[in-house]
1. Leaving ligands and nucleic acids out of the surface, order HIS369, HIS48, HIS320, HIS350 by accessible area at 1.4 Å, largest first.
2. About its Cα centre, how strong a charge dipole does the chain have in debye, to the nearest 20, once Lys and Arg get +1 and Asp and Glu get -1 at the Cβ?
3. Show me, for region 235-240, the HN-Hα J-couplings you get by feeding each phi into the Karplus relation (A = 6.51, B = -1.76, C = 1.60, θ = phi - 60°), rounded to Hz, glycine and proline as x.
4. Using heavy-atom solvent-accessible surface (probe 1.4 Å) with all chains present, what is the largest-first order of TYR339, TYR38?
5. Through the Karplus equation 6.51 cos²θ - 1.76 cosθ + 1.60, θ set to phi - 60°, convert the phi angles of region 184-197 into ³J(HN,Hα) values in whole Hz; use x for Gly and Pro.
6. Ordered by residue, what ³J(HN,Hα) values in Hz, to whole numbers, does region 141-150 give under the Karplus form 6.51 cos²θ - 1.76 cosθ + 1.60, where θ = phi - 60° and Gly and Pro are x?
7. Of CYS178, CYS385, CYS133, which is the most mobile in a GNM of the chain whose springs link Cα atoms less than 10 angstrom apart?
8. By how many degrees, between 0 and 90 and to the nearest 10, does the Cα long axis of helix 385-400 differ from the longest principal axis of the chain?
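The values are calculated or read from the model by the stated rules, or taken from the named source; none is laboratory data. Computed from a predicted structure; not experimentally measured. Using ideal geometry, Cβ is built from the backbone for each residue, glycine included, and neighbour counts are taken over all protein chains shown. Note: areas computed on protein heavy atoms with side chains; ligands, DNA, RNA excluded. Shrake-Rupley method; radii C 1.70, N 1.55, O 1.52, S 1.80 Å.
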Amino acid sequence: MIQSARFIPDMSADELAAVQQDGLKWTVHHAYQGSPFYKRRLDEAGIHPGDIKHLSDLSKLPFTTAYDLQAGYPLPLLSVPEEQVVRIHGSSGTTGKRKILTYTQQDIDDWAGMFARCYELAGLTTLDRVQICVGYGLWTAGAGFQLGCERFGAMALPVGPGMLDIQLQMLTDLGSTCLCSTASMALLLGEEVEKQNLRGKIKLKRSIFGAEAHTRRMRQRFEEALDVEHSFDISGMTEIYGPGAGIECEAHQGIHYWADMYILELIDPETLAPVAPGELGEMVLTSLKKEASPLIRYRTRDMTRLIPGTCPCGCTMPRHERIQGRSDDMIIFRGVNIYPGQVAAVLERHPQMQSEYQITLSRSGGLDHMVVRAERRAGTPETECGALAKAIAEDIKHQILVSAQVEVLAPGTLPRSFAKTRRVIDERETD
């Protein structure tokens with residue numbers, strides 16, 4: 001597949017390093033000349049574009065954060081004259097202001113090409129019918145999936161999120177062969193396919209999903225319900241064009257990312273120092289070709305690990321593990337730092353449990369309390385729930401070193417979502 005690729009470049013490590021070095025020098029010069037924000041930030045750091053000559057100079061550059069984008073609202077990082085801007089996209093901000101990114105036509109073309117690579121690596125052909133079940137509008141998801149589909153040459157079915165009746169109609173009447181959605185939406189749609197006994201009436205072969213952390217069991221659940229042969233975790237965010245920044249291949253040994261389009265660093269989110277090879281770290285991105293809103297060492301808050309070596313699929317682009325969560329999703333509970341994914345990992349150790357769970361934090365009497373609610377599999381008897389809850393609580397205590405009350409619920413009890421599922425409800429701030 002890779003040998004005859006139309007969109008995915010075949011680069012040696014030296015060729016890739018040369019592209020990155022040239023792109024880094026161009027980005028710093030371009031941003032310094034075009035963006036008042038970047039000029040001020042680099043001047044404050046005592047850095048001139050001419051100081052950046054090698055890839056090793058990357059560490060001299062200051063970080064950019066989501067706060068910088070929010071503080072520069074409405075058009076932060078803009079580095080070209082406004083007449084060159086053909087589009088904006090935005091994502092929500094924690095302080096109420098959206099993070100808005102601008103795009104030139106070249107940016108849009110580059111994004112479409114990156115996404116076409118994703119479809120190619122996922123094994124699609126121009127005969128595939130791609131049902132796009134993510135949001136359109138300010139959010140980059142729908143536009144990105146459709147751009148890539150049109151560049152690649154497959155048929156786009158731009159349904160958007162929700163609307164289960166229409167989703168099922170497209171699956172059955174148009175014979176969609178690839179589903180693009182969040183993992184939560186795939187699970188919800190899979191459950192509906194099972195309820196309506198439609199598995200023999202749909203033609204799905206592949207599923208591409210992203211935008212939220214997921215568990216292995218959640219993935220297996222919607223793969224079984226939708227009867228797909230392969231599912232692929234896709235990466236991306238508005239700041240780096242949108243979805244399509246990387247994707248799994250059929251070997252499923254990590255996410256290949258387009259390192260000729262951006263540089264990926266991993267840092268310790270507390271010390272900001274580079275992490276050792278194989279360690280979990282926060283992704284920091286530097287764009288190499290982005291015109292309207294270039295990124296210089298942008299802290300994404302997404303946590304992952306780099307994967308060394310070559311992939312058996314033949315793609316020479318480097319890989320990182322799937323996103324484990326966000327550094328700002330971390331829970332501090334009785335002095336212990338916890339990521340929701342750690343609780344999900346404990347639940348995966350118990351075959352009687354499904355993938356759906358929710359963590360509720362509360363405070364009473366000056367002490368924090370945690371309740372973990374999780375759904376059991378359909379074949380698990382209700383009479384076993386008490387013993388199962390006790391076993392999971394003991395496992396959480398042993399693995400994560402905190403005490404939690406565990407409630408084992410019937411299948412379908414917890415709320416489902418068309419977008420990202422809310423895993424943590426923290427009521428401590430309102431107490």
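1. These residues rank, largest area first, as HIS48, HIS369, HIS350, HIS320.
2. Using Cβ point charges on Lys, Arg, Asp and Glu, the chain gives about 380 debye.
3. Listing the rounded values in order: 10, x, 7, 3, 4, 10 Hz.
4. TYR339, TYR38
5. Per-residue couplings from phi come out as 5, 5, 4, 5, 4, 5, x, 5, 6, 4, 5, 4, 8, 6 Hz.
6. After applying 6.51 cos²θ - 1.76 cosθ + 1.60, I find 4, x, 4, x, 4, 6, 3, x, 5, 5 Hz.
7. The residue with the greatest mean-square fluctuation here is CYS385.
8. 30 degrees
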